Amino acid sequence: MLHIDRETLFIRFSEFRDVRELIMLDHLIWTEDTAPAALSWRSSEDYLLHAPPGSQLVAVKGDTLCGYVGFGCPTGMKSNRHVYEIHIAVHPGWQRLGIGRSLIEAVKELAAARGIRKLRLRALSCNAAALAFYEQCGFDEEGRLREEFYLAGRYVDEVFMSCRLG
């Protein structure tokens, strides 16, 4: 199991006991400003099919789950097994405290240890704070689907970013 202590922050693999808090965090974070559609899980079972225990790293301070980074191979193809696609969420009350950066560093370390050569992610062009954060964490834009989504009365690009490891 991966344990990284960043002062009072503890990062570990997700566990079954985290499901309720992870669902609540997803409902809070994934809005029209951060995703093409608001995320809604019908049940804990539905969530667990998408994100089983161990498929995320969670950041915990005390008894509070502050955020997570999910990771996994983007396709089932053998030729694509050297890539992890990631997604990250930090509770608004815990943002801008280094938790997101700690999660990104932790997933980079985990991925490198597993022989992963590249991390990739997707973000909306209207989410300028996220794009700047990813750039600060070493991600570069690889591509863009122009006007891919129509959200809140405007067309929004989908931005593809990646970070090469090692």
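A compact table of results
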{"quantity": "Qualifying residues in region 118-138 (those that are out of contact with any Ser or Thr (no Cβ under 9 Å at 6 or more places or on another chain) and among the polar types (S, T, N, Q)) - the one most open to solvent (accessible area, probe 1.4 Å)", "calculated": "GLN136"}
{"quantity": "Out of GLY115, GLY76, GLY98, sole residue that is open to solvent by 20 Å² or more (accessible area, probe 1.4 Å), in contact (Cβ under 8 Å) with a residue 24 or more places away in the chain, over 12 Å from PHE133 (Cα atoms) and not acidic (Asp, Glu)", "calculated": "GLY115"}
{"quantity": "Residue list for region 13-35, filter: farther than 16 Å from HIS87 by Cα and open to solvent by less than 60 Å² (accessible area, probe 1.4 Å)", "calculated": "GLU15, ASP18, VAL19"}
{"quantity": "So VAL69, is it touching a Pro at 6+ places or on another chain (Cβ under 8 Å) and crowded, with 16+ Cβ neighbours inside 10 Å", "calculated": "no"}
{"quantity": "So ILE104, is it crowded, with 20+ Cβ neighbours inside 10 Å, free of Cβ contacts under 8 Å to residues at least 40 places away in the same chain and farther than 25 Å from GLU148 by Cα", "calculated": "yes"}
{"quantity": "Selection within region 36-66 - out of contact with any His (no Cβ under 9 Å at 6 or more places or on another chain), hydrophobic (A, V, I, L, M, F, W, C) and surrounded by 11 or more Cβ atoms within 10 Å (Cβ to Cβ)", "calculated": "LEU48, ALA51, LEU57, VAL58, ALA59, VAL60"}
{"quantity": "Selection from region 22-73 of residues that are without any contact (Cβ under 8 Å) to a residue 40 or more places away in the chain, out of contact with any Gly (no Cβ under 7 Å at 6 or more places or on another chain) and assigned to a loop (DSSP other than H, G, I, E, B)", "calculated": "THR31, ALA37, ALA38, LEU39, SER40, TRP41, ARG42, SER43, PRO52, ASP63, CYS73"}
{"quantity": "Flag if HIS87 is open to solvent by 50 Å² or more (accessible area, probe 1.4 Å), in contact (Cβ under 8 Å) with a residue 12 or more places away in the chain and within 10 Å of the chain's Cα centre (by Cα)", "calculated": "yes"}
{"quantity": "Test set (1) in a helix (DSSP H, G or I); (2) over 14 Å from the mean Cα position of the chain (by Cα) - ALA111 fails condition number", "calculated": "(2)"}
{"quantity": "Total residues in region 139-166, condition open to solvent by 40 Å² or more (accessible area, probe 1.4 Å) and either closer than 18 Å to ILE104 by Cα or part of a strand (DSSP E or B) (or both)", "calculated": "15"}
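The values are calculated or read from the model by the stated rules, or taken from the named source; none is laboratory data. Every value quoted in this text rests on a predicted model; they were computed, and no experiment measured them. Cβ sites come from the backbone with ideal geometry, for glycine too, and all protein chains shown count toward neighbours. Side chains are part of the model used for accessible areas, which takes the heavy atoms of the whole protein and leaves out ligands, DNA and RNA. Shrake-Rupley method; radii C 1.70, N 1.55, O 1.52, S 1.80 Å.
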